[in-house]
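Below is one structure; the comments refer to it alone.
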Amino acid sequence: MALELSILTLNIWGIPHVSKDRAIRVEAIGDVLASGNYDIVSLQEVWSDSDYQYLKKRVEGVLPFAHYFYSGVVGSGLTLLSKYPIVSAFFHAWSVNGYVHRIQHGDWFGGKGVGFSKIAVNDQLVHVYVAHLHAEYDRKCDDYMAHRVIQAYDTAQFIESTRGSAVLQILAGDLNSEPGDLAFRVLQTNSMLVDTYDKNMFAAENMGTNEIGKNSYTDLEAAKKSPLGKRIDYIMYRFGDNFEGRLLEHRLPLPERIPGKQISYSDHEAVYAKIILKKTGSSAIQHLMACAGGEGNGKCENRDQEAILALRESIVICNESLKQLESHRRSYSLMAIGVIIVLLNMLELEAPYGLKSAYLLLKFLLCGIVIFFIFMATIWNVMEKHGILAGKLSMEIALKGYKDVGLTEHRGGGSADIAH
């Protein structure tokens, strides 16, 4: 008997006191989800517990099973809503997750990672993964490239390791990476997931999901520069052993504006996909095993080659990040020593007349700066170094596992776009 699943993912842009029109938009999103058109819904940036509770209550008639993946200081922002029972849920935190001192970005405080749930659909287990990779704040000078690449590889490993007896694996979320980006290529080639977007099927359609010109929250300069926006929100899938299927539908389901309003539902577009699958014979297993071992047809070999190239590029990025960390450690150490010298000199000096309180306050401020510099040069530096090393060493092990010696000896390290 065939099984059909309708999946929707949306970054709701729900930052309290920051995101514009949040209350109005959350209410409108709740109305959409309560329509009964979706079996599984993945939401990101649900940063307010009150928003989660509202959405959970609003859709309980059609999506009675809900789970929020609590993590970090303010929560992961990841929510899963399902028509079918969620029989287990687990949150896998990433080893690197932004910088604690860059409060304006806030990714570290979310304690980001991968939310994983097993959903029982007609006595079959469907594994659903919800993720929101680190944001790219400056494409020309991306300080978070290493973090995002390691998060992508970590996610791919986690998906592969939890494959089990699932009839279907689904990853739905905001990956903050475009199809040609290294993080996307690392994730897709190492997890063997299939992107629901098919450029041959949807070439004539606008499939940008962020910063598109028609969205009311898109910056005017960004809209003029690239009116089609960028595609960074995805639904990806992989069939289980003894199962096969196909994609029935993929589209951006929401209208440009909330009905009766002049605003969009979010600064991201929702992505919708419908997938059908059914049980098949053992030949499918044999094909998957052959492909996984690099012994299959040319398509399988190309996938392995792309995975190898992506891993090599990622290791280079990790090495650069480790060098930068060593440079930061020295800089913070020298700055700490410099401020300590200033403090020691101040202890021997009398406070200027009438400025005793200000002088004392300055001493306390300098003490705080010294503590921050020491923290960044020691504890934080070691944590960051270990997180990068963990990802790098894991990639090196995977790279050694590939049989294609000729390609692994390739020194170009160039990128290779994947056909979608």
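The values are calculated or read from the model by the stated rules, or taken from the named source; none is laboratory data. Predicted, not measured: the structure shown is a model, and the values here were computed from it. In this analysis, Cβ positions are derived from the backbone assuming ideal geometry, glycine residues included, and neighbour counts consider all displayed protein chains. Ligands, DNA and RNA are excluded from the accessible area calculation, which covers all protein heavy atoms including side chains. Shrake-Rupley method; radii C 1.70, N 1.55, O 1.52, S 1.80 Å.
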Could you please find all residues in the range 227-246 being open to solvent by less than 30 Å² (accessible area, probe 1.4 Å) and more than 17 Å from Glu211 (Cα to Cα)?
-> Ile235, Met236, Tyr237, Arg238, Gly240
Those residues of the range 64-101 that are basic (Lys, Arg) and surrounded by 19 or more Cβ atoms within 10 Å (Cβ to Cβ) come to a total of 0
Could you list, in sequence order, all residues of the range 37-51 that are assigned to a helix (DSSP H, G or I) and surrounded by 22 or more Cβ atoms within 10 Å (Cβ to Cβ)?
-> Asp51
Of the criteria (1) touching a residue at least 40 places away in the same chain (Cβ under 8 Å); (2) closer than 30 Å to Met383 by Cα; (3) out of contact with any Asp or Glu (no Cβ under 6 Å at 6 or more places or on another chain), which one Gly14 fails | (3)
Which ones in the range 60-89 are β-branched (Val, Ile, Thr) and either free of Cβ contacts under 8 Å to residues at least 24 places away in the same chain or in contact with a Phe, Trp or Tyr (Cβ under 9 Å, 6 or more places away or on another chain) (or both)?
-> Val62, Val73, Val74, Thr79, Ile86
Within the range 324-332, can one find any residue that is of a type in the set (S, T, N, Q), surrounded by 14 or more Cβ atoms within 10 Å (Cβ to Cβ) and touching a residue at least 24 places away in the same chain (Cβ under 8 Å)?
-> no
Please determine, by comparing only the residues of the range 260-315 that are open to solvent by 40 Å² or more (accessible area, probe 1.4 Å), under 21 Å from Gln188 (Cα atoms) and touching a strand residue (DSSP E or B) at 6+ places or on another chain (Cβ under 9 Å), which one is modelled with the highest pLDDT.
-> Lys274
Residue in the range 156-186 that is nearest to Ser42 (Cα to Cα), counting only those that are among the aliphatic types (A, V, I, L, M) and touching a strand residue (DSSP E or B) at 6+ places or on another chain (Cβ under 8 Å) | Ala172
The range 1-36: number of residues that are part of a loop (DSSP other than H, G, I, E, B), open to solvent by 20 Å² or more (accessible area, probe 1.4 Å) and of a type in the set (Gly, Ala, Ser) | 4
Flag for Met201 being at pLDDT 95 or above and not in a loop (DSSP other than H, G, I, E, B) = no
Of everything in the range 146-189 that's surrounded by fewer than 22 Cβ atoms within 10 Å (Cβ to Cβ) and of a type in the set (S, T, N, Q), which residue is modelled with the lowest pLDDT?
-> Ser165
